[in-house]
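What follows is a short report on a single structure.
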Amino acid sequence: MRFNLLHVRTVQLHRGLTTMLVLAAALGFSAGCGGDGREPLLVYTPHGRDQLQLLEQAFEAQEPGIDLRWLDMGSQEILDRLRFERQNTQADVWFGGPSTIFDRGIEDSLLVPYRPAWAGAVGPEGIAPGDLYYPAYRTPAVIAYNNTALSADEVPHDWDEVLDGQWAGKILIRDPMASGTMRAIWGLIIQRSLRITGDTAAAMDWLRRLDAHTKTYTLNPAILVEKLSRQEGLLTVWGLQDILFFRSQGAPFGYVFPRSGTVVIEDAVGLVRGARHPEAAKRFIDFVGSREAQLLAARGVFRLPARHDLPLDSVPDWVSEVEQNMIVAPMDWEMLAREGPGWMSYWDQRVRGTGKTLDADPR
Amino acid sequence: MRQRRRQMLGWALVALLVWLIVYPLTLVLLESVRGADGWTTEFFRQFASRKNEWSALWGSLWISAASVFLAGTIGIPLAFLFARFDFPGRRILSGLVALPAVLPPLVGVIAFLFLYGESGFVSHLVRAVFRLDRPPWRLEGAGAILLVHAYSMYVYFYLFTRAGLARVDGSLLEAAASLGAGRWRTTREVVLPLLRPALTGAALLTFMTSLASFSAPYIFGGGFRVMTTQIVSTRLNGDYSLAMVETAALAALALIGFWVFGRGDRGDVLVATAKGAAPIARRFSSRWTRALTGTAAWVLAVVLLLPHLTLVLVSFVPVGTWTIEAIPPEYSVQNYVALVREPERLRPLLNSLGMATVATLAAVALALAAGILIVRQRVRARGVIETLLALPWAVPGTVFAIAIATAFSVSHPWAGRFLLVGTFWILPLAYLVRSLPITGRGIVAGFRQLDPSLEEAAATLGAGAWRTLVRVTLPLLRPALAAAATLAFVTALGDFVTSIVLYTYDTRPISLEILASLRQSDVGVAAAYGVFLMLASAVVFAVGGERREVGA
């Protein structure tokens, strides 16, 4: 018994030592970076790692005095953080996310005006009143499909064709409650109905028929990509950038632009109120919209530049193709910001999951 | 005088827990009654009038209750099997059985998709065997969530029951046997009552974990509504106040669960040991039974390991190469190369290990203090302390993270608010608070099964309070301590819901790397990180398990 206790204490001692070593290592690592004399610039962003690394390298080469540090997270988390850090701001730049989420940030006074050097080369869509944010990229919504299972001429070429009976049970939808892109598409459908009938009822009916054909709503985008490439569903509506990016990684995806026009989501960038490094932040914002950085993001990670003054011979082929084929539908973004939550909440309560009963209805 | 000091200490602990848990939560939950102009109950009325809110609440409730039932049905018999019977491979298997606990969240759940999903391995196998032309099932909705819950949560029952069984004195069983009680009757009337604290602890933990579970409904939910995913959607819709009402409703549900499961064992001290040790594992008399049990146990172990193996397999699949084939057509180590190519990618792993260690040590110390005050000193505040310890899991991780961040984002020392946002300490603090339910429950249950007469004997022999604690109480508590600390550590290591809201540039945890990879649909790289996480957790488990064997 005595021996046993002694043994245990040795084990505990060992474990304690290991723990302290691990701790020391962790702390040492955290302390080890940072103090290299450069000005740290903190960027909150929902963009992917590939894009951020690409831009970081180019930016730091251009600005040797600045250490660009990014924290990647979802758009909602950025908003949450900026809200609770208001009295003790950490971030300098908010880079990325649909302009609709930036609008919510404006309601909470999370941004300050900054007019980037490239302000004249973008817009007018996606520019906040009072220069609070500017569009860096555009994300058009497209009809995407699995191109091993379907060929380009088989697939629907407009929104209404998606409702065709042959697609029943083959459509995957990213949960629109959890995605800015999907909300914008829903907004497009609803505003179209408002324009034609003056009422949202027709749109809700349309969405109910889509619900009837929807195999599943996925909350997580990675699962959507996985399911579409494994042919668990053949068709979806989604942002162009993701489709092109995953296609370049080997996913069997194809896309078409809806004939009657699509919605284009402006992906914004803005200066955070109370930023500790405002000058470095402004330099970064200027950099993001520079010709060089716009082309870098377009070539490397399929970001559609927000600038329209890029020389045609310098943009990658896919960009000129998109500019040629894309038809932009009219969209009232202010109305979407105002009415959107109500529409979505109605859809979530009254439309989602009710499509199946519609099929049984002889009407 | 001593009595007075004791009560003071009790209230001091209450104050500490209120400051860490209730205070931050109150700050954010106030949003549920604050309208554009003054106080309002409007959001509560909105909540009550919506059918889908009620269906989400009901979904959370029944899924959690069913998870408790399923996890108990699997975990308790397994614990008995491994504690009481001897068969070939028992030692290795008893370790393997705890492995679901090391399956990292999110990417571990995605492994389920590759395994049991519509186009997963098992589905392909069933299709090939029965020559079906369409997938036999869809891994979606309530059934899929329950599958994942039962798989990952039976470990609570298993570990708690085993720790409990290790504390059951063999002489009690012999006494029962010599009084003529059969094996079944002894189990029912001697062992189960002794196990009650462990079982209610595990049931409570399972219930709370299922209520707060996010990964499983997030990935497999389909259209099935539970409160955790509902809260995320509501926040995304910009209805912060309504989201807070939903959070309050979920917390209320958790408190009801706490009251139901926590009733009965409050304040009891169950003397389980006077002398002697746990009974020796029995060998089956018949060779056939032995062989059969052994085989069944090995089959079970393989089934339990399948998700881990899937994760390992996926980590070797290059991105975009595996689509409709039954098994991946290509393998390479490129995902691992991507992971070690930059030394920057190693840092998150070290960060996570460091922060999880700090949090676990602090949580265990707090839980020990709580155990002493609740069970030994029986302070008047014991009921309050227990409720407070369980509270953090009543609240979804995101909301809790926001609550902690809100409370500690300003420096108002007189209001108990210090500046922690943006520093190293905010994440360990969040991990600590989030792991209090596990460590608290496990260690308090351990204390309840500890015979006070041993400590009294030590005191009589002249040992001071400190010496008694270190030389008698802690060694006796070792199984409970190891189980609680291990679970807390592994949970902190894999946490992503809290981390994503609170991490800083210098404290980027490994779960963020997993999320970043998933965002680019680099499932392979995410799986490679998952494998790292799994190995780290397995090592901790092995250390904890080894010491548990010594204790038994």
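No value in this document is a laboratory result; all are computed from the given coordinates. Owing to the predicted nature of the structure, the values given are computational and were not obtained by experimental measurement. Note that we place each Cβ from the backbone using ideal geometry, even for glycine, and neighbour counts take in every protein chain shown.
Which whole number gives the average, over all residues in A:63-75, of C-beta atoms from other chains lying within 10 Å of the residue C-beta?
Working: counts 0, 0, 0, 0, 1, 0, 4, 1, 6, 7, 8, 6, 1.
What the average comes to for A:63-75 is 3.
Give the Kirkwood hydrodynamic radius (Å, one decimal) of the stretch B:412-472, defined as one over the mean of 1/r across all pairs of different Cα atoms. Please report the intermediate quantities before stating the final value.
Working: mean 1/r = 0.0668 Å⁻¹.
Over the stretch B:412-472, the inverse of the mean reciprocal pair distance is 15.0 Å.
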(request) Report the equivalent ellipsoid semi-axes for the stretch B:26-171 in whole Å, largest first, defined as the square roots of five times the eigenvalues of the gyration tensor built from alpha carbon atoms. (result) 39, 28, 13
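Please list B:327-333, B:242-248 highest first by mean number of surrounding beta-carbon atoms within 10 Å per residue. Before the final figure, lay out the partial values.
Numbers: B:327-333: 12.6, B:242-248: 25.0.
Most protected by this proxy first, the peptides run B:242-248, B:327-333.
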(request) Within a 10 angstrom radius of each residue's Cβ in B:110-119, how many Cβ atoms of other chains show up on average? Whole number is fine. (result) 3
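What FRET efficiency comes out for B:Thr187 versus B:Ser285 if R0 is 22 angstrom and r is the Cβ-Cβ distance? Round to the nearest 0.05.
Numbers: r = 18 Å, r/R0 = 0.83.
Taking R0 as 22 Å, the efficiency between B:Thr187 and B:Ser285 is 0.75.
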(request) Select from A:Asp175, A:Asp108, A:Asp92 the residue whose mean-square fluctuation is largest in a Gaussian network model of chain A (Cα-Cα springs shorter than 10 Å). (result) A:Asp108
(message) Can you compute the radius of gyration and Dmax for chain A, using only the Cα atoms, both in Å?
(response) 24.2, 88
(request) Collect residues whose amide H, placed 1.01 Å from N in the peptide plane, falls under 5 Å from the amide H of A:Arg174; neighbours closer than 5 in sequence don't count. (result) A:Thr218, A:Val237
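In peptide A:226-236, what is the residue-averaged number of other protein chain Cβ atoms found within 10 Å of each Cβ?
On the way: counts 10, 4, 1, 6, 10, 4, 7, 1, 0, 0, 0.
Counting Cβ atoms of other protein chains within 10 Å of each residue's Cβ and averaging gives 4.
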(message) Checking the a/c ratio against 1.5 first, then a/b against b/c, what shape does the Cα gyration tensor give for the stretch B:1-85?
(response) oblate
(request) Provide, in order from the shortest bin, the percent of all Cα-Cα pairs of the stretch B:346-477 in each 5 Å bin, continuing until the bin that contains the maximum pair distance. (result) 2, 10, 15, 17, 17, 14, 10, 8, 5, 2, 0
(message) From zero outward in steps of 5 Å, how is the percent of C-alpha pairs of the stretch B:86-238 spread across the bins?
(response) 2, 8, 12, 13, 14, 14, 11, 9, 7, 5, 3, 1, 0, 0
(message) Quick query: amide H of A:Leu68 versus all other amide H atoms, modeled in the peptide plane; which residues come in under 5 Å with a sequence gap of 5 or more or a different chain?
(response) A:Leu41
(message) Please compute the volume of the convex hull spanned by the alpha-carbon atoms of the stretch B:124-204 and report it per residue in Å³.
(response) 146
(message) Can you compute the modelled spin-label distance between B:Thr26 and B:Ala252, with each label point 7 Å from Cα toward Cβ, in nm?
(response) 1.9
(request) Compute the relative contact order of chain A as a whole-number percentage, counting only Cα pairs closer than 8 Å that sit 6 or more residues apart in sequence. (result) 25
(message) Restricting everything to alpha-carbon atoms, can you work out Rg to Rh for the stretch B:456-518 with a Kirkwood hydrodynamic radius?
(response) 1.33
(request) Give a residue-ordered list of calculated ³J(HN,Hα) values for the stretch B:493-498 (Karplus: 6.51 cos²θ - 1.76 cosθ + 1.60, θ = phi - 60°; whole Hz; x for Gly, Pro). (result) 4, x, 4, 10, 5, 6
(message) Apply the Karplus curve 6.51 cos²θ - 1.76 cosθ + 1.60, θ = phi - 60°, to the phi angles in the stretch A:172-177 and return the couplings in whole Hz, x for Gly and Pro.
(response) 10, 10, 5, 3, x, 5
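Once you order the gyration tensor axes a ≥ b ≥ c over the Cα atoms, which shape class does the stretch A:305-348 get: rounded for a/c under 1.5, otherwise prolate or oblate by comparing a/b with b/c?
It comes out prolate by the Cα gyration axes.
Using a Förster radius of 22 Å, what is the FRET efficiency between A:Glu161 and A:Gln324 based on their Cβ-Cβ separation? Nearest 0.05, please. Walk me through the numbers on the way to the answer.
Numbers: r = 21 Å, r/R0 = 0.97.
After rounding to 0.05, the efficiency reads 0.55.
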(request) Under 1.5 on a/c is rounded, so check that first for chain B, then, if it is not, pick prolate when a/b is larger than b/c and oblate when it is not; a ≥ b ≥ c are the square roots of the alpha carbon gyration tensor eigenvalues. (result) oblate
(request) Work out from phi, with θ = phi - 60° and the Karplus expression 6.51 cos²θ - 1.76 cosθ + 1.60, the ³J(HN,Hα) of each residue of the stretch B:518-529, listed in order in whole Hz, and give x for Gly and Pro. (result) 5, 4, 9, 6, 7, 4, x, 5, 4, 5, 4, 4
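Rounded to the nearest 0.05, what FRET efficiency do B:Leu474 and A:Val112 have when you use their Cβ-Cβ distance and R0 = 41 Å?
With R0 = 41 Å, the Cβ-Cβ based efficiency is 0.15.
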(request) Pairs of Cα atoms under 8 Å, at least six residues apart: use those to get the relative contact order of chain B, whole percent. (result) 23
(request) Could you give me the radius of gyration and the Dmax of the protein assembly as shown, taking only the C-alpha atoms into account and expressing both in angstrom? (result) 28.8, 96
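Given Cα pairs under 8 Å that are at least 6 residues apart, what percent is the relative contact order of the stretch A:190-295?
10
Quick one: work out the % antiparallel among DSSP beta bridges in the protein assembly as shown, nearest 5. Show your work: numbers first, answer last.
On the way: 26 of 44 bridges.
Restricted to the protein assembly as shown, the bridges split so that about 60 percent are antiparallel.
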(request) Using Cα positions and a limit of under 27 Å, work out the lysines in reach of B:Lys51, with same-chain residues fewer than 8 apart set aside. (result) A:Lys215, A:Lys356
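Taking the Cα centre of the stretch B:276-381 as origin, work out the dipole magnitude from +1 charges on Lys and Arg Cβ and -1 charges on Asp and Glu Cβ, in debye rounded to 20. Can you show the working numbers first?
Values: 10 positive and 4 negative charges, 197 e Å.
Around 940 debye, computed over the stretch B:276-381.
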